[in-house]
Structures are given as structure tokens and as C-alpha cells.
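**Student:** Below you will find the structure I want to go over with you.
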Amino acid sequence: MNFTESSPLAESTAIGFTPGLESLTPVPSNETTCENWREIHHLVFHVANICFAVGLVIPTTLHLHMIFLRGMLTIGCTLYIVWATLYRCALDIMIWNSVFLGINILHLSYLLYKKRPVKIERELTGIYHRLFEPLHVPPDLFRRLTGQFCMIQTLKKGQTYAAEDKTSVDDRLSILLKGKMKVSYRGHFLHNIYPCAFIDSPEFRSTQMHKGEKFQVTIIADDNCRFLCWSRERLTYFLESEPFLYEIFRYLIGKDITNKLYSLNDPTINDKKAKKLEHQLSLCAQISMLEMRNSIASSSDGEDGLHQFLRGSSSLSSLHVSSPQQRSSTKMKPIEEGVEDDDEVFEPVSPNTLKVHHLP
């Protein structure tokens, strides 16, 4: 039977080295909790973690929450580098936090650059504060809109901005900055255009799908005027790339067209009242629209009715005076103020008898 006897020299050698190995190699413990806790780290370490915690609990509803977050992370990484270099002497901790510090500094610089005050030209501050700022258009976006493909032009008193049936509507879109313009149709005055209003908004909206059309009205400078003019084609491409600004323009142009309709041929509308139209409709403007509708509805020739309205006839009875050139329509009758009924408006009128219907 083979067996190996232990050598006394080997036993003594093993016995001699055992205490040294026990002192160098920690004996693992079966328990899950630490028995010997190390001493607490330096105060710099705890302040750094407090900065991280404060940055993470900043609410997102705060206006500058991203700037505050990146600022607190930058301070925390800086304190970690100080702690790792002076008190821990840990090269790996210092390197990693240096990388994090560089990233946060770059991001913080970018955020501060975006929040820099944007300078708007003095002539354009009026339309920005009145039209675009209430709709939350940021200054940098407004500057992009007005700084690349538009120019400020001047018209002297009496000069023509657009001539009826001559000037193309495809070239430009303009906002009046200073002065006053007069709009007329076949020599009849329609309305005025005041500062901070679009000059050719109806043409811009009505001809978006058609090319080569001409102005149906004449626009003349009634004073020395300055206006902001966009290239229509380049503006269209720019708005396609900015959906938010595209919706803003749709709203502003629609509101401007509404104001022009309600101020149509109303001599009482001046600059101050034109500003009030942005908030509520004036009574005289409603009467003007009612007269125009009744004028056209009570005449077989729509142009004759429009000419009567443009002559400033304030009484509806004058529109019903029998004449060789004016006869009652067999399809429509004037719309009266109040409840409108489709059956009554479009009811054919007998040439011999006139029936009066009462609302139930």
C-alpha cells in the first residue's frame, strides 16, 4: 500500500508562512453586512453629492431648469476632482470626473449661448412686440425670419405699391412699418392700411395655389411709408421648414384679412380704432358688412350693387328704388339683421304678390 509521509521540513515551512498569508489575505466572511466600516470621507465629497442631488430635483417647470441642472453638475464634478486629487489620491476618479466636467461645461455654454439677448432692429421692434411676441415667437426665430430674405423698402407719398390688373401678386408679402396706405377698387376708396398691418394679405392667401395672377385693387402710399418686404417664394420655403412659424403666419394673415373686411369703406375707422379691431369688432364695421351683403343680394347685377355700396349709401331703402338698371332679384332678397333662415333668404319671389313670412 502506497502512501506519502509528510516531511518535517515541509511542515515547518508551511507553519512558518501561515501567519504571513493570513495577515495579507483577508478572510471572507459568510455574513452579508460589513463588520468594519471605514472612516467617513472628507466634507468635499459630501458637498459634491449634495450638488448632484440638488441638480436632479430641480423641477422641469422652472424656466431655466436645464441651466441650473448643468450648473450644479459642473460644480459637483469639480468638487469630486478636488476630493480625488487632494484627499483620496485616486487617479481613476479624477480622470472620469474630468471627462464629465468637460461635457457639462460644453452643454452649459451652449445653453447660455441660446439664452443670450437677441438684438432686434429698431424699426422691427414694433411689429415684433405687437404681432409676434404675444404669440410666443422667440426673438432668435423672429430674427431669422427678418434677417435673411427680406428688406425694408420706402415709398413716397403718392407712389404706387400695386396697380390694379397690372402688378403680379407672386413676388412679395409686406408689412407696413410706418405711414399709411390707401386701397381702392376702380377708383372707389375701400380702406386704409396702418402700421403693423399686412399690405397684401388677401392676395397672399387667395393666390397660394395659383400663379401669375394680378392685383384686383390699387394700393397707393397716402404718406411717406416704410414697409418690410419678403420674397414670397423664399418665405414659403422657410415656413415649410418651420411648422410653428407657419401656423403663426396663417393666424396673423387670417386676422389681418378679417380686420380689412370689417373696415371696408368705413370712414370712421382710424389708426386707433384699427388697433381695437384686434380685440373686438366695431358696430359701424358690422353695419358696413351688412350693407354690402344687402346691396349685392338686392341687385341682379352684383357690380351695380357693389357700386351703390361704394358710393356710401347709408340707407337700405335707397337700394330698392325701382329704376331701369336695377330690378329685384328673383332668387335672393336682402338679409335682415337678426335670425337668418335659409328658406327665406333663397325663396323665389312671385312677380305679382309679395308674401311676408313670420318666424314662429
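The values are calculated or read from the model by the stated rules, or taken from the named source; none is laboratory data. These figures come from a predicted structure and were not determined experimentally. For neighbour counting, all protein chains shown are included, and Cβ atoms are generated from backbone atoms with ideal geometry for every residue, glycine included. With ligands, DNA and RNA removed, areas are computed over all heavy atoms of the protein, side chains included. Shrake-Rupley method; radii C 1.70, N 1.55, O 1.52, S 1.80 Å.
**Student:** Being in contact with a Ser or Thr (Cβ under 8 Å, 6 or more places away or on another chain), farther than 29 Å from K115 by Cα, charged (D, E, K, R) and modelled with pLDDT under 90 is the requirement here; does E22 meet it?
**Tutor:** no
**Student:** Same structure again: Which residue, of T167, T207, is under 21 Å from P243 (Cα atoms) and of a type in the set (S, T, N, Q)?
**Tutor:** T207
**Student:** For region 98-108, does any single residue satisfy the condition of being among the aromatic types (F, W, Y) and either more than 21 Å from R234 (Cα to Cα) or exposed (fewer than 14 other Cβ atoms within 10 Å of the Cβ) (or both)?
**Tutor:** Yes, some residue in region 98-108 is among the aromatic types (F, W, Y) and either more than 21 Å from R234 (Cα to Cα) or exposed (fewer than 14 other Cβ atoms within 10 Å of the Cβ) (or both).
**Student:** Would it be correct to say that R172 is of a type in the set (D, E, K, R) and at positive phi?
**Tutor:** No.
**Student:** Could you tell me how many of the residues in region 52-83 are farther than 21 Å from K115 by Cα, open to solvent by less than 40 Å² (accessible area, probe 1.4 Å) and β-branched (V, I, T)?
**Tutor:** Residues in region 52-83 being farther than 21 Å from K115 by Cα, open to solvent by less than 40 Å² (accessible area, probe 1.4 Å) and β-branched (V, I, T): 1 in total.
**Student:** Further question on the same structure: Yes or no: I105 among the hydrophobic types (A, V, I, L, M, F, W, C) and free of Cβ contacts under 8 Å to residues at least 40 places away in the same chain?
**Tutor:** Considered against the rule, which asks whether it is among the hydrophobic types (A, V, I, L, M, F, W, C) and free of Cβ contacts under 8 Å to residues at least 40 places away in the same chain, I105 comes out as yes.
**Student:** Could you go through region 126-137 and let me know if any residue there is out of contact with any Pro (no Cβ under 6 Å at 6 or more places or on another chain), in contact (Cβ under 8 Å) with a residue 12 or more places away in the chain, surrounded by fewer than 19 Cβ atoms within 10 Å (Cβ to Cβ) and among the β-branched types (V, I, T).
**Tutor:** yes
**Student:** If the Cβ limit is 8 Å and pairs must be 6+ apart or interchain, which residue in region 144-157 that is farther than 27 Å from K114 by Cα and at pLDDT 90 or above pairs with which residue that is in a loop (DSSP other than H, G, I, E, B) and open to solvent by less than 100 Å² (accessible area, probe 1.4 Å)?
**Tutor:** Note: pairs meeting the criteria are T154/N224; L155/G179; L155/N224; K156/N224; K157/D222; K157/D223; K157/N224.
**Student:** Go through region 96-123 and give me each residue that's at pLDDT 90 or above and either outside any helix (DSSP H, G or I) or aliphatic (A, V, I, L, M) (or both).
**Tutor:** V99, L101, I103, I105, L106, L108, L111, L112
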